[in-house]
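The numbers here are math on the coordinates, done by the rules we state, and not lab data. Source: prediction; values computed, not measured. Here the Cβ positions follow ideal geometry from the backbone for every residue, glycine too, while neighbour counts run over all protein chains shown.
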Amino acid sequence: MKSFFLASVLAVVASAIPMPAPAPPGIPSKANAQTQLNALTVKANYDNGGYNRDLFPHWNTVSGACNTRETVLKRDGTNVVTDSACASTSGRWYSPFDGATWTAASDVDIDHMVPLKNAWISGAYQWTAAKRTQFANDLNTPQLWAVTDNVNQAKSDKSPDAWKPPLTSFYCTYAKSWVAVKYSYGLSITSAEKSALTSMINTC
């Protein structure tokens, strides 16, 4: 009887403990992120006025009817159900930027960790169309995140010296992910950006 009671208590406690949120691949350790950060070229951004979101074709088809957005929603959600067009009809999504949980896919945006415009002014203006497409749909680095829509909109195209996620406990992962993406694509950072990233990584 005691063991049954104990098992019941443990089950209740376990169900109350939040499960770790799914995360994109390729998030480096603190040490590796610091090494990558120090390897990045520091210089002023180059804004030639030529940026256009259409220069980064996004939400390409990944498999069958599923595009990049739906693929990330399935990857980062819990109990996600999709229809024949691969649109998410139900599920549960935890937004690591602000700690909110959503049950409607319409409340969730797919954030580009390094925004497309920031990539453009830090080196992507020199890329081929194919590389820009790869960047906008990259499922192999920590570039794409399912997050609360208005939080993503508040971030817009800002770098970490101008915008940080509402949850300070996420600063570490956010900075490591930002650095990993910039390092992977050989993008530059500004001195203010490096200072902000250093401070955020120091919270790890």
Exercise for review: Taking 7 Å along the Cα-to-C-beta vector as the label spot, tell me the THR89-ALA130 distance in nanometres, rounded to one decimal.
Suggested key: 3.9
**Study point:** Degrees separating the helix 191-201 axis from the principal Cα axis of the chain, which is the longest one
**Key:** 20
Check your understanding: How far is helix 2-16 tilted, in degrees, relative to the longest principal axis of the Cα atoms in the chain, given as a value from 0 to 90 rounded to the nearest 10?
Key -> 30
Revision key, fill the gap. If amide H atoms are modeled at 1.01 Å from N in the peptide plane, then the residues at a separation of 5 or more from VAL62, or on another chain, having amide H under 5 Å from its own are ASN67, THR68
Review point. Stretched out fully, how many nm does the piece from ASN60 to THR203 gain, at 0.36 nm a residue minus the Cα gap?
Key: 47.9 nm
Review point. Under 13 Å from a point 7 Å along the Cα-to-Cβ line of ALA23: which residues of the range 164-191 have their amide N that close?
Key: 169-180
Exercise for review: At 7 Å along the Cα-to-beta-carbon direction for both ALA192 and LYS158, put a label point, then send me their distance in nm to one decimal.
Suggested key: 1.1
Check your understanding: Considering the values [x] 58, 44, 38; [y] 65, 35, 32; [z] 71, 43, 25, which represents Cα extents along the principal axes in Å as calculated for the structure under consideration?
Key -> [z]
Exercise for review: Per residue of the range 165-171, in order, report the coupling 6.51 cos²θ - 1.76 cosθ + 1.60 (Karplus, θ = phi - 60°) as ³J(HN,Hα) in whole Hz, putting x for Gly and Pro.
Suggested key: x, x, 7, 5, 5, 9, 3
